[in-house]
Structures are given as structure tokens and as C-alpha cells.
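**Q** Can you read through this structure? Questions will come right after.
The values are calculated or read from the model by the stated rules, or taken from the named source; none is laboratory data. In this text the structure is predicted, and so the values were computed from the model without any measurement. Cβ placement follows ideal geometry from the backbone for every residue including glycine, while neighbour counts extend to all protein chains displayed.
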Amino acid sequence: MSGATDEFEAVIGLEIHVQLSTETKMFCGCRLSFGDEPNVHTCPICLGHPGVLPVPNRRAIEYGLQIAAALECDVAPRSIFHRKNYFYPDNPKAYQISQFDIPLASNGHLGEVRIHRAHLEEDAAKMIHVGTSGRIQGSDTSLVDFNRAGTPLVEIVTEPDLTSGAQVREWGQLLRATVKQLGVSNVNMEEGSLRCDANVSIRPVGSSGLGTKTEMKNMNSFRYLERGVEAEIERQKQLVASGERVVQETLHFDPSSGELHSLRSKEESHDYRYMPEPDLVPLAPDTAMLDAAAASLPELPAARAERYHSELGIQEGAARLLSVETEWAAFFEDVLGSDESIEPRVAANWVTGEFAGELRRQGEQDPADSRVSPKSLGNLVSMVSANRVSHGSAKSVLERMVADGSDPEAIVREQGLEQISDTGELQRIVDAAIEGNAKVAEQVRGGNEKAIGALVGAVMKETRGRADGGEVTRLLRQSLGL
Amino acid sequence: MYSGDLTAATAAETADLIASGELSADECLGTWIDRAAGDELGAYLWRASRDQADAGTAKVGGPPSGVPIAIKDIFCTAGVPTTAASKLLEGYRPPYDATAVTRVRSAGLPMLGKTNMDEFAMGSSNENSAFRPALNPWDTGRVPGGSSGGSAAAVAGGLAPWALGTDTGGSIRQPAALCGIVGLKPTYGSISRYGMIAFASSLDQCGPLTVDVTDAALMLGLLEGRDEMDSTSVGIEGGVTRPQSEDLSGLVFGVPGDLIAEGVDPGVKAAFEATLGKIRDLGGRIEDVRLPHARHGISAYYVLAPAEASTNLSRYDGVRYGNRSPGSNLVDMYEETREQGFGPEVKRRIMLGTYALSSGYYEAYYGRAQRVRTMIVRDFDAAFEAVDFVVTPTSPSVAFELGEKTGDPWAMYLNDLFTVPMSLAGVPAISIPAGLAEPEGGGPGLPVGFQIAAPAFHEQKLLEASFALEGAIGFDGSKVRSGI
Ligand SMILES: [Zn+2]
């Protein structure tokens, strides 16, 4: 079975909708909000009353240009808004104003994935279907909340450059971090300010054609999307292996059951009758706007990961991990800043390894919310580097720090965890261990070097772990004449 | 108490009477409210009480403050019924005022009422009103033209001093011509479209229907200007002033002979020729001008306008406002609401437009029509290199009888043959009364309109020439206005 299916590779493209965090909506002056009482942020324009006209939100255009710059896209000198026509209660004008044949931006990339296009559009209203069907068909009542109607969106479409669920997740997280770093969106998938659809197809390895694709809609986390995409790749491989065809359809992945459901329905076979929007003039950003967008770019995650790796010598994995989450990057840089002597590579390992792990164990997520300050973590790392505290002791100190925010110096002092750095004292303990374990010492001298472990253990027991294992071994070998 | 007949005065003259204190604004409003109350032309769909007329009107001094205005029912008026003469919007009261409405009311103009029209401005006879046809005050057996038929009938019949209309393919100029008044379609973009119920957004333009050219200039001055609420509005540089010209010396008037060669009634043709003679008398020159693609204007227009209309009118789905016809499910509700709510001409155009935008047909219809439009724009550009104005009869015929063309959409569409090219080109065009002509089959003379088009944003020049010509023509419609 696996022999046959391994001859296929997956081809995945993503469509990401990013809700911009402007003050007001895309084409009217209503405030953006999340979680407010329904239908309080509406006006004749976003309710599609007769006679109203759209006026584009300048800030949304600026945000769109920043995204275009971050994704290194070409910006169209004159991009055009179109009407995308369809009837649905969430669509008050019965057309969505979107960009069609000339998008704001195209031909970019983020990391190894090419960006096909990025364009501006408006969001639809939110619908709630009361009843068991969960859809408008068969619902008892369907309610519409127009607060969301007209929220500015940037839709980013990638080329089909991704090949696995894991890559989808990793790249998705990089994109989210990048947009977040720009400060143009909350990029919260659960609240819907970032929504991701994946187009999945498979093809024989080495072929350049594209197979029939399916579309996976609107997963609310990249982890679920990863699992959904993996499940879909597997499903398509099995279909092809058993001589069946992949049918073009829209799928929903249920993370709790791991199952894929087809969403195909009558509502989907649309002819959107795209037409240039006569109420808007072409969007022609001037040089000043383009320059401002380029100048506004902060250090973006991909660039930061590269800098951490090449300039600070941090391992690629840790560098990427730190870069993708801005709050972790900030924490890490503050740890470095707290003490010049800290080696970046060591600090990175502590931040992404022990510290992140301990936070998770204690049910925390954001390092900025932790009781541990970057300075005190830096302090702990310095103590380990100076051999004042053993690695093992340091982990238990960190556990206390995360739990109650204690100062590492105080914990070490209080618990007597400081390593025996006085060689004279350690030598006396080593000598005593050799004396008290004469037989073992003899074996070691006789060539059984493995037996030295028992002597190390005796010394560690005597010092209650406060000695550095390497130093103990060195002293033992020296004393035994090895 | 003012003893004169206000229907014999123009809006500008009335404004001067108020400004000089001879007539109080109150008295003026009372007179016109009474006139409007006697509407037997079906000109109004809604008439204001005295309080309603005044509510929202700024108390400002200076002309034309106090001269009431009738407003086509296509303009949204806050809290006041606005239907676009469609059953679908019967009972709808908009939550806001159109910019044009705000402008006239902040200049101190009370609103007399909302005037009848073809449903969603689709028609050339006002017979497509879902409520009742409007009648031509010159002969109530005939149509006033459309779609701004109610506005034209109100002004020509002495039921309002002046009125607001909208013009997409001739909807101000043609009814003005058929009713013997002045109708001006300004350059696309000179007046905000915000709050004007959209028919074909790239063509719709608001404008005045008035007794004379001076009133048209006065009204245009109030209306024009960039509006933050309309991204396509730019206003008219330098504004508009009261026209003064008395002669046309040095000006060249181009006659597109190939466009008007066929289908023009002899009486209309005679009045047109006579007006060309008046132009020469005033020192103007008449030349032939070619608009080679203008005769395809109607075909392009009847693809583009319905295409835009099909998406503009999609919002009338019964979900948020207007009349909703219940259905057993969502699609049923949409279908029933639109089936019950729209009249036959509106449905025809929605279907035409939907078809023209459908995938697979877009290029052949919408794409091609857009290219024709571009060629017509170039025709006008080239023409205005050679001449100052392009002139035609406004309409190929005088007012026709009610029901005469309702069974033949194409015959009805041909009413717009001479007005549509200017709409497609976006240039300003005015219709002024050029005299009377006997209708086909005989009978008392009916008004003929003379259309003058100018380059984009040259409204002042257009008004000056029209003013001079109007003086020479000396058309008098006051008897019809006073109802004698
Ligand atoms: Zn709004």
C-alpha cells in the first residue's frame, strides 16, 4: 500500500483572509469591533441602503501596502475594485467589493513560498443559524449581525508551493507572525481575524502538472489545518491508489473526529458576474504612500530568524521559534540585554527550552505575562554559565521562579544550591570517596574505567548535587592517576 | 400680500421678490403648497405639508432662499417616503438625506414633495411608474417623457418653481424637451451621487429641471461640488455664475448630420433647423461634425446600463428594508420579493444586465459595449477639437400618446437616441425649448427640445450659449404653467 501512495506528492496553496485592525470599516465610518452587541456598528452604507456609495478607507490601503511590502510584492500602479455579485443575507449590497483582475499586489514571497497576489476587499456580515442544521437551510431562525459587514480584509493567495501539512502549519505561523509584527491585524484565528483556506491536490512525484484540487475551508487553528491537510492528502492518495478520481469539492475537517466532510451544496455553484465597481476610482498609490509603507516595516520574523542564526549563532530551529512569536523574541532580547556576558546561543536554548517548557507545564503561555522577568532568567543563565549552579539545580530553581516569581539568587542561597567551586574542598571529598570505596578504586586503576561512575555518584551524594559532574570526574581521574 | 402670479415668474425672479421683501418666504411656500395640492398630472408621489416642507430647511437669507423645490423620488430624503416609483420600496423611509437634497435645503429651499418617475429611472415616458403615470401638462393624453417625468410635469404645469431630476441616458433632457422647459445634465462627477438611488452608476447624474436657463445655472451652482461621500465627484472648477451672454459670435456649433439623419419627425426637424437659423442670427457658425460611433450608443447603453442596474438593484432582497414577500425558504423569499416588487421593465433590464455580465458572455456584451463607449468618448474629444458645441434635437419626436409605445421597448429606447451619446461620453448637455411642432397626425403644437452639448466641465460656457439662444428663441410656456 505505502509503496503505491509514496509515488505521489502533495501540492498545496493557501488563501488567507486577514481582517485589518483599522479604526473604521473599509467603505464607511463605522467602528470595527469584536464581541459588541449585534448591529450597533452600522450605518446606511454598510447596511446597503438605497443610494449609498463606498468611500475607501485610507488607512486600510496603507495597511494593505504594508502587507504588500512585507511580502515583497509588486504593487499595481492602478488597481481596480470589482463587484462580486451573489445573493445571501450576509451580503447587504448583494455584491462584495473586492479586487479581481488587477489586485493591489502580486508576485511576492514569504520565505520559500511565493505569493500569487494580495488584494483588498470587505468582509461580509456574520450569520447565526438557530436550530440543529447549523446552516440557513433547515434552521429555525437565521440572525444577521452587520457589525462585521464591511470590515477591511486583505486576501493573500499563495502559489501552490507547499507540500505537507507540517509545512502549511509552519509557514502559516510565519505569515501570522509577520502580519502581527506589522501591527495591521489581530491575526486571531479563533475570532476570525485570520482565516485560512487550503487547496490540496496530489500528483506523481516529479510531474509538474496539477491534479484536481479540493478546498479546505476556514480552520480555526494552524494545528487543525495541518491535521486536516494531512488527512486530505492521505485520502486523495488512497483514492488514486484504488483507481478512483479526486472530485473537486469543498471540505470541512472535524478535528475532534479527524473526519473530512464535503460541504458541497447548491449555494456554491456561483457565477459571480464580476463587474468593475463604477462607484470607485482606480486605486493609485503615490510614491509617498509606497515609501511610507516600506519605511514602516519593522524587522520581520523571517529576517530576524536569519539574523539570530547567522549573527548570534543560534541554532536554526530555536532561531525560527523565537522569531515567529514576537513576544518570545522580545523576551529573548531582554534576557540578552540584562547581562552582556550571556552567550546568545545559551540564552536561546534556555528561553525556548527549559523556560518555555516550564511555562507550559505550569499552564502559562505568554512570557510577557510570566512572573519571571527577563532579568531574573538572565541571572539564572549567568549562574549556570559561571558554574555557580549545576544545570540540574537550575531547573528546580526555574520551577520556583515560574511558580512564585522568586529571585534566583535568593532561591539558591536559601536552598544551599551553590556549587562547590572551592577545588580544595571538593578534593577532600574526592579523596574520602576513594578511601571509602577502595575496591572500586582498585578496579578503576586496573583498567575498568566504567567503574568510575560509582565514585562520581558517591561524591555527588556527599555534595547533594552541588558539585559539577565534569569537575568531579576530572579530580577523580587525577587522583587515581589516570 | 404679493398680488402677482408666481407661476408666471421664474425661480430666480421669485428669489429676487423674496430678497427684496415684496414676497415673504412663507407666502411663497403657501402658494406653491396650494399649487402642488391641485396636482392633476400625477406629478407628485408624495406632497409635503407646510411643516414637512420647512422641516430640515435652513433659515438662510439671500437668493434663492425660500423658493420651494420638487425632488424626484429617486433622491433619499430622511424620514420622508422614497420609493423610486417602485412597489418594492413602497413605505420605505430612508435614514439619511442625499447630498443634493442637503445642498438645496441648506440653501434655504423648502421641499414641496417627491415627484413621479419611471420605476428606478428606467423609462422614457413615466409610464413605468409602479403607482401611476405622470401626464404632460401640454396635453394630458400624452406622456411627459421620462424618467424624470414627474419633475418635468411639475415645473411645466406650474406645480413647482423648479425641480431636481436625474439623467442616465436622457432622463432630464428628454422630459424637459417634451414638456417645454429647460433640463440640464451636468458633466459626470460635477454633482455628488450620494443618496441618489442608483440605476447605472457610471452614467447617473443629478441635474435641474427649470423654467429657464438662468434658473438652471442658479440650481447647478447650489448642487455642484466635490463631496467626501462620493469618490467619483469632483465639482466644477470655478463654480457656476449667472449667464449674461447675448450673442454667439465666434462660437461654432457642430451638427452630427449622420446621427440625426433618420427618424426625426418633420415638425421637430423644422424647429431644429429654425433654431440653427437663430444661432446664425446671433453670430454663431454651424458646421458639420462627425460622431461616427454615436449611432451605436443606444446598443452600448442598453448593455452597460442594465448590467450596472442588475447589480445595483440586487440589494432589494427584502432582508433589511422595503417590502418582503414571504417564502418557504431563503431563495423563495428572494424570488417572491423581487417578483412582486419589480415592474416588467425593471425585470427586463435586470435580466438583460445579468445575462451581459454572465461568465462566457461578459466579453461579447459588456466588454464590447465598454469599447464602444470608449470610441464615443473619443468621438466627442475629436469633435470638440473642431467645434465648441454639438447640437441635436433632444428627442426625435414631440410628446407621444399614453400607451403608444409601451408595447414596443425598442421604439421606446429610440427616444434616447440623441441623448445617450452625451451620457456615455460624460459630457454636459442641456435641452432648451425651441418652439412648438405639430404631432404626427395633427393637433395643437407641442414643445420641441434643442440639445446643446459641451466639453466636460464647460458648464458655464454651455449656459452662456444657451442663455443667449433662449433669448433669441423667446419660447413662452407660462400659459401652461398658470393653467390658463
Ligand atoms: Zn457603516
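**Q** Is it the case that some residue within region B:371-394 is within 10 Å of chain A (Cβ to nearest Cβ) and surrounded by fewer than 20 Cβ atoms within 10 Å (Cβ to Cβ)?
**A** no
**Q** Within region A:182-235, work out how many residues are touching a residue at least 12 places away in the same chain (Cβ under 8 Å), part of a loop (DSSP other than H, G, I, E, B) and more than 21 Å from A:Ala60 (Cβ to Cβ).
**A** Of the residues in that region, 8 qualify.
**Q** Residues to consider are A:Pro44, A:Pro50; find the one that is surrounded by 23 or more Cβ atoms within 10 Å (Cβ to Cβ), in the same structural domain as A:Val168 (by TED's automatic domain parsing) and part of a loop (DSSP other than H, G, I, E, B).
**A** Values: A:Pro44 fails: surrounded by 23 or more Cβ atoms within 10 Å (Cβ to Cβ).
Step by step, each of A:Pro44, A:Pro50 is checked, and only A:Pro50 is surrounded by 23 or more Cβ atoms within 10 Å (Cβ to Cβ), in the same structural domain as A:Val168 (by TED's automatic domain parsing) and part of a loop (DSSP other than H, G, I, E, B).
**Q** Then there's this: Answer yes if at least one residue in region B:96-111 is more than 14 Å from chain A (Cβ to nearest Cβ), touching a Lys or Arg at 6+ places or on another chain (Cβ under 9 Å) and on the phi > 0 side of the Ramachandran plot, and no otherwise.
**A** Scanning region B:96-111 turns up at least one residue that is more than 14 Å from chain A (Cβ to nearest Cβ), touching a Lys or Arg at 6+ places or on another chain (Cβ under 9 Å) and on the phi > 0 side of the Ramachandran plot.
**Q** Being surrounded by 20 or more Cβ atoms within 10 Å (Cβ to Cβ), over 30 Å from A:Glu325 (Cβ atoms) and over 47 Å from the mean Cα position of the chain (by Cα) narrows it down to one of A:Leu482, A:Leu455, so name that one.
**A** Details: A:Leu482 fails: surrounded by 20 or more Cβ atoms within 10 Å (Cβ to Cβ).
Going through A:Leu482, A:Leu455 in turn, just one is surrounded by 20 or more Cβ atoms within 10 Å (Cβ to Cβ), over 30 Å from A:Glu325 (Cβ atoms) and over 47 Å from the mean Cα position of the chain (by Cα): A:Leu455.
**Q** Here's another thing I want to ask about it. Of everything in region B:69-85, what is more than 10 Å from chain A (Cβ to nearest Cβ), crowded, with 24+ Cβ neighbours inside 10 Å and part of a loop (DSSP other than H, G, I, E, B)? Give them in sequence order.
**A** Within region B:69-85, B:Asp73, B:Ala85 meet the criteria.
**Q** Tell me, please, whether a residue that is part of a loop (DSSP other than H, G, I, E, B) and touching a helix residue (DSSP H, G or I) at 6+ places or on another chain (Cβ under 9 Å) can be found in region B:29-38. Step through it out loud before you land on a result.
**A** Taking region B:29-38 first, the residues part of a loop (DSSP other than H, G, I, E, B) are B:38.
Keeping just the survivors that are touching a helix residue (DSSP H, G or I) at 6+ places or on another chain (Cβ under 9 Å) gives none.
No: zero hits.
**Q** Among the numbered criteria (1) closer than 14 Å to B:Ser423 by Cβ; (2) more than 13 Å from every other protein chain (Cβ to nearest Cβ), which single criterion is violated by B:Ala163?
**A** Failed condition: (1).
**Q** Residue check, B:Tyr188 against (1) within 14 Å of another protein chain (Cβ to nearest Cβ); (2) of a type outside the set (Val, Ile, Thr); (3) more than 14 Å from B:Glu459 (Cβ to Cβ), all met but one. Which one?
**A** If we test B:Tyr188 against (1) within 14 Å of another protein chain (Cβ to nearest Cβ); (2) of a type outside the set (Val, Ile, Thr); (3) more than 14 Å from B:Glu459 (Cβ to Cβ), just (3) comes out false.
**Q** Further, regarding this structure: Here is a list: B:Val390, B:Val427. Which entry is touching a helix residue (DSSP H, G or I) at 6+ places or on another chain (Cβ under 8 Å), over 23 Å from B:Ala156 (Cβ atoms) and in a strand (DSSP E or B)? Even if it seems obvious, please write down each step before you answer.
**A** Working: B:Val427 fails: in a strand (DSSP E or B).
B:Val390 is the lone residue from the list that is touching a helix residue (DSSP H, G or I) at 6+ places or on another chain (Cβ under 8 Å), over 23 Å from B:Ala156 (Cβ atoms) and in a strand (DSSP E or B).
**Q** Separate question: So, in region B:352-367, of the ones that are more than 10 Å from chain A (Cβ to nearest Cβ) and touching a residue at least 40 places away in the same chain (Cβ under 8 Å), which residue ends up surrounded by the most Cβ atoms within 10 Å (Cβ to Cβ)?
**A** B:Tyr365
**Q** Out of A:Val157, A:Val179, which single residue is surrounded by 20 or more Cβ atoms within 10 Å (Cβ to Cβ) and either among the β-branched types (Val, Ile, Thr) or more than 16 Å from the ligand (Cβ to nearest atom) (or both)?
**A** A:Val179
**Q** Could we say that A:Arg83 is at the interface with another protein chain (Cβ under 10 Å from one of its Cβ atoms), in contact (Cβ under 8 Å) with a residue 40 or more places away in the chain and away from the ligand (no atom under 16 Å from the Cβ) here? Don't jump to the end; show me each part of the working.
**A** Numbers: at the interface with another protein chain (Cβ under 10 Å from one of its Cβ atoms): yes; in contact (Cβ under 8 Å) with a residue 40 or more places away in the chain: yes; away from the ligand (no atom under 16 Å from the Cβ): yes.
Considered against the rule, which asks whether it is at the interface with another protein chain (Cβ under 10 Å from one of its Cβ atoms), in contact (Cβ under 8 Å) with a residue 40 or more places away in the chain and away from the ligand (no atom under 16 Å from the Cβ), A:Arg83 comes out as yes.
**Q** Which one of these is touching a strand residue (DSSP E or B) at 6+ places or on another chain (Cβ under 8 Å) and at pLDDT 95 or above: A:Ile136, A:Ile156, A:Ile128? Give the derivation first.
**A** On the way: A:Ile136 fails: at pLDDT 95 or above; A:Ile128 fails: at pLDDT 95 or above.
Answer to the check: A:Ile156.
**Q** Which one is surrounded by the fewest Cβ atoms within 10 Å (Cβ to Cβ), of the residues in region A:9-30 that are among the charged types (D, E, K, R) and more than 10 Å from the ligand (Cβ to nearest atom)?
**A** A:Glu23
**Q** Here is a follow-up. Since B:Val268 meets every condition but one in (1) within 30 Å of A:Asp279 (Cβ to Cβ); (2) more than 14 Å from chain A (Cβ to nearest Cβ), which condition does it not meet?
**A** That leaves (1) as the condition not met.
**Q** Output the number of the condition that A:Arg135 fails; it satisfies all remaining conditions of (1) surrounded by fewer than 22 Cβ atoms within 10 Å (Cβ to Cβ); (2) away from chain B (no Cβ under 14 Å).
**A** (2)
This table checks each residue for (1) surrounded by 22 or more Cβ atoms within 10 Å (Cβ to Cβ); (2) farther than 30 Å from B:Gly195 by Cα; (3) within 16 Å of the ligand (Cβ to nearest atom).
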{"site": "A:Pro54", "(1), (2), (3)": "yes, no, yes"}
{"site": "A:Tyr88", "(1), (2), (3)": "no, no, no"}
{"site": "A:Phe100", "(1), (2), (3)": "no, no, no"}
{"site": "A:Val130", "(1), (2), (3)": "no, yes, no"}
{"site": "A:Asp140", "(1), (2), (3)": "no, yes, no"}
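**Q** Right, something else. Please work out if A:Pro285 is in the same structural domain as A:Ala177 (by TED's automatic domain parsing) and buried (at least 17 other Cβ atoms within 10 Å of the Cβ).
**A** Considered against the rule, which asks whether it is in the same structural domain as A:Ala177 (by TED's automatic domain parsing) and buried (at least 17 other Cβ atoms within 10 Å of the Cβ), A:Pro285 comes out as yes.
**Q** Out of (1) within 16 Å of the ligand (Cβ to nearest atom); (2) within 11 Å of chain B (Cβ to nearest Cβ), the odd one out for A:Ser33 is which?
**A** Of the numbered conditions (1) within 16 Å of the ligand (Cβ to nearest atom); (2) within 11 Å of chain B (Cβ to nearest Cβ), the odd one out for A:Ser33 is (2).
**Q** While we're here: Restricting to region A:36-50, and then to whatever is more than 14 Å from chain B (Cβ to nearest Cβ) and within 32 Å of the chain's Cα centre (by Cα), can you tell me which residue is nearest to A:Leu143 (Cα to Cα)? Walk me through how you get there before you give the answer.
**A** As a first pass, look at region A:36-50 and keep what is more than 14 Å from chain B (Cβ to nearest Cβ): A:36-37, A:40-41.
Filter once more, keeping what is within 32 Å of the chain's Cα centre (by Cα): A:36-37, A:41.
Details: A:Asp36: 15, A:Glu37: 13, A:His41: 16 Å.
Per the criteria, the residue is A:Glu37.
**Q** Also, quick follow-up: Within region A:142-153, take every residue that is within 12 Å of chain B (Cβ to nearest Cβ) and either outside any loop (DSSP other than H, G, I, E, B) or basic (Lys, Arg) (or both) and give me the one that is farthest from the ligand (Cβ to nearest atom).
**A** Within region A:142-153, the first condition is being within 12 Å of chain B (Cβ to nearest Cβ), and the residues that meet it are A:142-144, A:146, A:149.
If we keep only those that are either outside any loop (DSSP other than H, G, I, E, B) or basic (Lys, Arg) (or both) as well, we get A:142-144.
Numbers: A:Ser142: 21, A:Leu143: 19, A:Val144: 14 Å.
Taking the candidates together, the pick is A:Ser142.
**Q** Here is a follow-up. Just for helices (runs of 4 or more DSSP H) wholly inside region B:241-352: which have at least 3 residues that are out of contact with any Leu (no Cβ under 8 Å at 6 or more places or on another chain) and over 30 Å from A:Leu47 (Cα atoms)?
**A** So the answer is B:266-281.
**Q** Restrict the check to region A:59-77 and report whether at least one residue is part of a loop (DSSP other than H, G, I, E, B) and within 13 Å of the ligand (Cβ to nearest atom).
**A** no
**Q** Does A:Lys93 fit the bill of being out of contact with any strand residue (DSSP E or B) (no Cβ under 6 Å at 6 or more places or on another chain), within 14 Å of another protein chain (Cβ to nearest Cβ) and among the basic types (Lys, Arg)?
**A** yes
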